[in-house]
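The values are calculated or read from the model by the stated rules, or taken from the named source; none is laboratory data. These figures come from a predicted structure and were not determined experimentally. Counting neighbours? That spans all protein chains shown, and the Cβs are built from the backbone with ideal geometry, glycine included. Calculation scope for accessible area: heavy atoms of the full protein, side chains included, ligands and nucleic acids excluded. Shrake-Rupley method; radii C 1.70, N 1.55, O 1.52, S 1.80 Å.
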Amino acid sequence: MIKVCMFDMGGVLVRDFLVAPKLLPYLGRRESGFSGISPLIKQALVSHSKGELTEQEFWSIYERITNSEVPHDGTSLLAKFFAPKLDLPTLKILFELKNRGARIICGTNVHDAHYSIHQALHQYDIFDQVYASHLMHCAKPDGAFFRTILQQEQVKPDEMFFTDDMQENVLSAQTEGLAAYLYTGADQLRSQLCTLGLLS
């Protein structure tokens, strides 16, 4: 029996959350993502999302690898083009679950600056609890991410529903025993929840 429903944030509850397509051209780059510049930069960004590096430390690594300078004006560059918007059909489903008494939580890989923006926009308000990678010091798809949340929620793996738009995260959650499903849209999500008896 499912006792807790966990949702990813970017790509599930919010849209327009990717910053690289606008930020990298602003920095004079032609790549579409940080991983296209160097695996070391991608690794540093993941470390930042785990709270292991500050944003300033991340940009220092970026500057060293790219032999370039980025603007330092005291504001967050990662936040500069971050303008997430709630997906209303998906939000409606979460409200339906809440109205049926379900516990709704968020499990998200997120940077500190983005976390603050989500909070300011009240985009986490629907959730009973938010588990953020930069505060947990681990990130999806690491199994430890799911094990930590299961322990905090005090539920068994098969008592937690989870959905994410990234297949590797879903597969990792399934390996840990969660009832995990790939998110492709609100209609498919509703169908999955109905199959589990969480919605009708």
Of the criteria (1) among the hydroxyl-bearing types (Ser, Thr, Tyr); (2) surrounded by fewer than 19 Cβ atoms within 10 Å (Cβ to Cβ); (3) under 13 Å from the mean Cα position of the chain (by Cα), which one Thr108 fails: (2)
Filtered residue count, region 34-53, keeping only those that are under 17 Å from His114 (Cα atoms) and touching a residue at least 12 places away in the same chain (Cβ under 8 Å): 9
Scan region 169-185 and report the pairs whose first residue is farther than 17 Å from Gln151 by Cβ and modelled with pLDDT of 95 or more and whose second residue is among the hydrophobic types (A, V, I, L, M, F, W, C) and assigned to a loop (DSSP other than H, G, I, E, B), with Cβ atoms within less than 6 Å and a gap of 6+ or a chain change. Tyr183/Val12
Filter region 17-49 down to the residues that are open to solvent by less than 40 Å² (accessible area, probe 1.4 Å) and not aliphatic (A, V, I, L, M), then identify the one that is farthest from Lys140 (Cα to Cα). Ser38
Can you pull out the helices (runs of 4 or more DSSP H) entirely within region 21-125 that have at least 3 residues that are of a type in the set (S, T, N, Q) and at negative phi? 39-49, 55-66
Please enumerate the residues belonging to region 11-60 that are out of contact with any helix residue (DSSP H, G or I) (no Cβ under 8 Å at 6 or more places or on another chain) and within 30 Å of Val155 (Cβ to Cβ). Gly11, Arg15, Val46, Glu52
Kindly provide the set of residues from region 135-162 that are in a helix (DSSP H, G or I) and open to solvent by 20 Å² or more (accessible area, probe 1.4 Å), ordered by number. Leu135, Met136, Ala144, Arg147, Thr148, Gln151, Gln152, Glu153, Pro157, Asp158, Glu159
Residue pairs qualifying under the 7 Å Cβ cut-off, at least six apart or on distinct chains, with the first in region 187-200 being outside any helix (DSSP H, G or I) and the second being loosely packed, with under 14 Cβ neighbours inside 10 Å, are Ser200/Cys194
Is it the case that some residue within region 2-16 is without any contact (Cβ under 8 Å) to a residue 24 or more places away in the chain and open to solvent by 60 Å² or more (accessible area, probe 1.4 Å)? no
